[in-house]
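The values are calculated or read from the model by the stated rules, or taken from the named source; none is laboratory data. Remember, it's a predicted structure, so these values are computed and weren't measured experimentally. Quick reminder, even Gly has a Cβ in these numbers, built from the backbone with ideal geometry, and neighbours come from all protein chains shown.
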Amino acid sequence: MKKGKGNAKDPGRVFPSVFFLLPFRPARLRTGQAMIEFIVAIVCVVVIFVGILQIGLLGMARTEVMVEARHEAGAMAMLDIVASPLPDYIKDWDEGPDTRPYSADDRSNPGDVYAVATRIAAYADPSQINAVLPDNIITRVESNPEFEIGVGLLKGDARETVPLFPAITHLVYDEDEIRVEGEVWIPWTRGIY
C-alpha cells in the first residue's frame with residue numbers, strides 16, 4: 001500500500017481534481033490554455049473594432065447622402081418654376097412582417113390632402129389675411145387644396161451603397177453591402193423673394 005493521502009475507497013489514490021483547486025497546477029494541465037484564451041480574446045477585440053469601424057463608415061455615408069439630397073433640393077428651390085414630385089401624405093403606419101414599428105418593411109396609409117389644406121386655411125381665416133396681404137400662401141392653399149403646390153415643397157433624394165467588411169458579413173450580418181438612402185423636403189424659396 002502506498003503512503004500518503006488517499007480516499008476512502010483507495011487510500012493510496014489521490015483525486016486528480018485536487019490539482020484544479022490549487023493555484024499552481026502541474027505544467028501538463030496548463031499546456032495551451034493561455035494560447036486559446038489569447039486567441040479568443042483577440043478575435044473578440046477584432047470583431048468589436050471592425051464593428052465600430054463599420055458603424056462609423058455607415059454614419060459617414062448617411063451624412064454624405066443627406067448632404068447630397070439637401071444640395072439637390074436646394075438647387076431646385078432656387079429655380080423659377082417648381083419641378084418636383086408630389087409628397088406622400090401619411091395618415092398612419094402599418095407594421096410590416098417583422099412586427100416592429102418604424103422599420104424598413106412598414107407601409108404608410110395615405111392621408112387626405114384636401115382635409116389638411118382646408119383645415120389649415122379655415123383656421124387661418126384667409127379672407128382677413130388676403131385683405132392685408134393679397135395673393136398670400138394661405139389664400140393659395142384655400143383655393144388649391146393641393147397643399148404641396150401651394151406651399152411649393154421640393155424633394156431631394158440620394159442613395160449610396162456601403163460595402164461591408166468580410167468580418168461583419170461572416171459574423172454579424174449576412175449581406176455584402178448596405179444601401180443608405182436619404183430624402184429631404186424643403187419649400188420653394190425662389191417664390192418667396
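Which ones in the stretch 72-83 are over 14 Å from Arg159 (Cβ atoms) and either part of a helix (DSSP H, G or I) or among the aliphatic types (A, V, I, L, M) (or both)?
Residues satisfying the conditions are Ala73, Gly74, Ala75, Met76, Ala77, Met78, Leu79, Ile81, Val82, Ala83.
Give all pairs with beta carbons closer than 6 Å in which a residue from the stretch 113-126 that is farther than 13 Å from Arg140 by Cα meets a residue that is in a helix (DSSP H, G or I); count only pairs at least 6 apart in sequence or on separate chains.
Note: pairs meeting the criteria are Val113/Phe147; Val116/Phe147.
Looking only at the stretch 87-110, decide whether some residue is surrounded by 11 or more Cβ atoms within 10 Å (Cβ to Cβ), touching a strand residue (DSSP E or B) at 6+ places or on another chain (Cβ under 6 Å), at pLDDT below 85 and under 17 Å from Gly182 (Cβ atoms).
Yes, some residue in the stretch 87-110 is surrounded by 11 or more Cβ atoms within 10 Å (Cβ to Cβ), touching a strand residue (DSSP E or B) at 6+ places or on another chain (Cβ under 6 Å), at pLDDT below 85 and under 17 Å from Gly182 (Cβ atoms).
Considering only the stretch 116-178, give the helices (runs of 4 or more DSSP H) lying wholly within it that have at least 3 residues that are surrounded by 14 or more Cβ atoms within 10 Å (Cβ to Cβ), in the same structural domain as Leu58 (by TED's automatic domain parsing) and modelled with pLDDT of 75 or more.
Those helices (runs of 4 or more DSSP H) span 166-171.
Determine whether Val65 is over 20 Å from the mean Cα position of the chain (by Cα), closer than 30 Å to Glu183 by Cβ and either aliphatic (A, V, I, L, M) or modelled with pLDDT of 90 or more (or both).
No, not satisfied.
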